[in-house]
1. Just to be sure, is B:Phe164 over 20 Å from B:Gly42 (Cα atoms) and modelled with pLDDT under 85?
2. Residues that are farther than 18 Å from A:Ile126 by Cα and surrounded by 12 or more Cβ atoms within 10 Å (Cβ to Cβ): does the range A:50-59 have at least one?
3. Here is a check on your reading of the model: is A:Phe285 closer than 24 Å to B:Ile298 by Cβ, more than 11 Å from every other protein chain (Cβ to nearest Cβ) and surrounded by 16 or more Cβ atoms within 10 Å (Cβ to Cβ)?
4. Any residue that is open to solvent by 100 Å² or more (accessible area, probe 1.4 Å) and among the hydroxyl-bearing types (Ser, Thr, Tyr) - is there at least one of those in the range A:162-175?
5. Given B:His303, B:His308, B:His299, which one is touching a residue at least 40 places away in the same chain (Cβ under 8 Å) and either closer than 18 Å to A:Gln307 by Cβ or assigned to a helix (DSSP H, G or I) (or both)?
6. Please count how many residues of the range B:277-295 are closer than 17 Å to B:Tyr238 by Cβ and part of a helix (DSSP H, G or I).
Amino acid sequence: MKCVMNKLIKSSNIYLFTFVFAFILSKSFVVFANDEPSPDIPEGIVKISKINPDRNVGYLMGDILKRTIALDVKKPYKLIETSLPIVGYEHRYQGQVSGIELCKISHTKKENDDKTSYVIHLSYQIFTTAPVVKPAILPAEVIKFQGPASAEAKDGLVQYKIPEFYFRISPMAVFGAVKIEDDMSPLRQPILLQAYPEKEKLVASLILLGLSLVGLLYILGSRAWLPFMGRPFAQAGRHLRGLSATNTDDLKTALTCLHKAINSTAKYSVFSDNVSDFLTHSPSFKVIENELGQFFELSHKVFFDTQDTSAHDKNSLVWLKRFCKQCRDCERGLKPANLKKI
Amino acid sequence: MSDKQLTDWRQHAQNLESEINKVVVGQQTPIRLITTAIFSRGHVLLEGDVGVGKTTLLRAFTRCIGGGYQRIEGTIDLMPNDLVYHTYLGEDGKPHVSPGPLLMSGENLSVFFFNEINRARPQVHSLLLRVMAERTLSAFNKEYHFPHMLVFADRNQVEKEETFEIPSAARDRFMMEIPIVVPDDNAIMESLVFDTKFHNVDALVNTIPADILQFDQLNEFSALVQNKIEASSTLRQYALNLWRATKTPSAYGVKVSGVDMNRLVLAGASPRGMSMMLRAARVNAWLNNRDSVLPEDIHAVFHSTVAHRIVFSPVYEMRRTEIARELLTGIVNAIAAP
């Protein structure tokens with residue numbers, strides 16, 4: 001029995017290894033097939049237009065060069081998008097890294113009736129320098145297309161080489177002017193990064209935070225910038241300022257507004273029959289007791305007297321505005337100016 | 001002419017108040033309210049402790065109004081027929097029927113004074129419902145009318161034994177329920193105790209000039225007052241807001257200490273109650289020499305015309321007086337006009 005089991009295990013292991021080996025082999029074959037040079041695409045299939053950097057000299061380490069390649073590819077050829085160079089890819093020249101790295105790539109595709117237009121944006125960053133001007137090259141990128149099978153390309157895979165771009169990398173210092181080897185003191189601190197952008201961001205954030213706090217204070221302070229601003233009579237005063245003495249409805253609006261201000265101050269509805277309670281709880285208004293009486297008299301005439309319309313004149317609104325100012329003074333604990341009778 | 005009538009009657013009303021204030025001291029507010037009720041043609045229920053002068057006050061008013069006056073004492077064995085007729089054996093040995101207090105004065109009955117109304121049975125309250133609302137009574141196959149009748153009733157809230165709670169329907173017939181409390185003023189309290197003129201109530205009431213008002217002209221004059229005194233649209237809106245607040249006080253932010261406001265009110269003021277409130281407010285405006293009703297006129301009669309009409313949850317009924325006072329004060333404080 002044991003012998004049979006061992007056989008079974010052994011045979012199953014063999015199957016498993018065979019499967020894994022076949023899988024790895026097939027994958028490596030695919031990779032190998034993709035990297036393998038393909039025949040060039042037939043002439044006339046690809047029409048290229050390029051936008052290269054506007055100059056080809058004066059580049060320093062760290063500079064970014066941008067190229068835009070527009071390809072019009074006749075159908076049925078299609079770009080194999082996985083054949084596009086990937087970010088971080090660094091070309092080698094004679095086994096040496098070139099110091100020019102692809103840092104960004106994007107492309108767009110537009111289908112037409114007989115062709116497909118591809119626009120490829122390439123950004124390369126320079127990571128090399130030299131004591132003298134150095135020739136450099138944005139490499140010729142090889143991209144692949146899937147087309148119909150032919151004698152040269154049985155699998156239909158063909159390639160196209162985007163022409164390279166030649167330029168010059170400038171040195172970062174005058175040759176011989178700086179000899180870094182003479183200035184290699186271990187006490188010298190490392191060169192620091194410039195912190196200006198971070199400082200600007202910090203200042204901007206602090207300003208934003210400050211403005212937010214001010215806004216919050218404004219909201220918490222009943223939407224008033226100063227401690228006395230948001231109080232009922234101050235608000236009523238602002239509302240009354242916009243009212244017109246010629247409009248009869250504005251008189252009612254003004255009276256209503258002042259009633260609300262008095263009620264808000266007292267925290268209950270104040271009428272002429274409980275105005276004495278209001279004065280007891282808000283003694284700062286005691287100095288305008290007579291004016292409060294006149295106010296309620298005017299309110300009675302305007303709102304409740306259906307026959308006497310003598311109160312509906314422009315003087316009433318003028319008086320109300322002054323009365324409101326008096327109340328605002330009382331609200332602020334100030335001594336109000338005397339007010340003439342209506 | 002009507003303006004002159006208004007002025008003349010105002011003089012009479014002020015005279016009436018002044019005379020009654022001489023014999024019932026320290027009760028200016030109840031006296032003003034009863035005067036208002038008389039000119040609004042509304043029935044009055046006085047509520048207060050024992051011996052605070054409720055009966056004296058009503059007797060004093062009765063003397064001033066003139067007309068027929070009848071009085072009955074509420075007792076537990078009082079039956080509705082006791083208000084309508086008496087039966088007795090006459091000198092001839094035969095049974096006789098004589099009119100009861102309601103029928104005795106006929107159409108001239110101006111004041112029916114029901115003392116200690118809460119001692120009477122619900123059957124009696126039921127009879128009163130019709131008499132108060134319609135001022136008519138059916139008896140002996142005949143309908144009797146009492147066009148000038150006002151019901152003055154009183155009850156004390158202290159005693160609960162052998163008493164019956166007046167149902168809300170009966171309470172609603174009363175225009176006003178007026179609390180009578182002992183005045184706080186030391187001089188008045190001293191006077192009530194030591195002044196000998198207060199010892200003999202009958203003699204005291206008799207010092208008031210009789211028939212200051214002509215009872216049979218009150219209905220007509222009351223209608224005149226109601227027509228002449230106007231209510232502006234702002235005031236109407238204010239009254240409606242007050243009415244709504246009696247139904248759902250919590251919606252207006254009214255709170256009463258120790259009370260769940262969502263459970264307190266079972267029924268707010270009735271339309272009849274609010275109508276009576278406005279009638280009384282108009283009379284108050286007239287008494288204060290105004291042509292239009294002000295919110296202050298409503299305030300003057302709001303508690304006395306509305307408090308007894310609001311139906312509370314049974315759990316709060318025991319504290320009715322205190323809760324109603326706080327509730328209505330809260331409503332007046334919460335509703336603004338304009």
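1. yes
2. Among the residues of the range A:50-59, at least one is farther than 18 Å from A:Ile126 by Cα and surrounded by 12 or more Cβ atoms within 10 Å (Cβ to Cβ), which makes the answer yes.
3. No, not satisfied.
4. Checked the range A:162-175: at least one residue is open to solvent by 100 Å² or more (accessible area, probe 1.4 Å) and among the hydroxyl-bearing types (Ser, Thr, Tyr).
5. B:His308
6. 9
The rows are residues; the columns are (1) open to solvent by less than 50 Å² (accessible area, probe 1.4 Å); (2) outside the structural domain of A:Lys314 (by TED's automatic domain parsing); (3) in contact with a Ser or Thr (Cβ under 9 Å, 6 or more places away or on another chain); (4) at pLDDT 85 or above.
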position	(1), (2), (3), (4)
A:Pro197	no, yes, no, no
A:Gly237	yes, no, no, yes
A:Asn263	yes, no, yes, yes
A:Asn274	yes, no, no, yes
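This table checks each residue for (1) touching a helix residue (DSSP H, G or I) at 6+ places or on another chain (Cβ under 8 Å); (2) not basic (Lys, Arg).
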| residue | (1), (2) |
| --- | --- |
| B:Gln70 | yes, yes |
| B:Tyr85 | yes, yes |
| B:Glu91 | no, yes |
| B:Phe114 | yes, yes |
| B:Val124 | yes, yes |
| B:Arg135 | no, no |
| B:His145 | yes, yes |
| B:Arg155 | yes, no |
| B:Pro167 | yes, yes |
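The values are calculated or read from the model by the stated rules, or taken from the named source; none is laboratory data. Here the structure is a predicted model, which means the values were calculated and not measured. Note: ideal-geometry Cβ built from the backbone for every residue, glycine included; neighbour counts use all protein chains shown. For the accessible areas, the whole protein counts, side chains as well, though only heavy atoms, and no ligand, DNA or RNA atoms are used. Shrake-Rupley method; radii C 1.70, N 1.55, O 1.52, S 1.80 Å.
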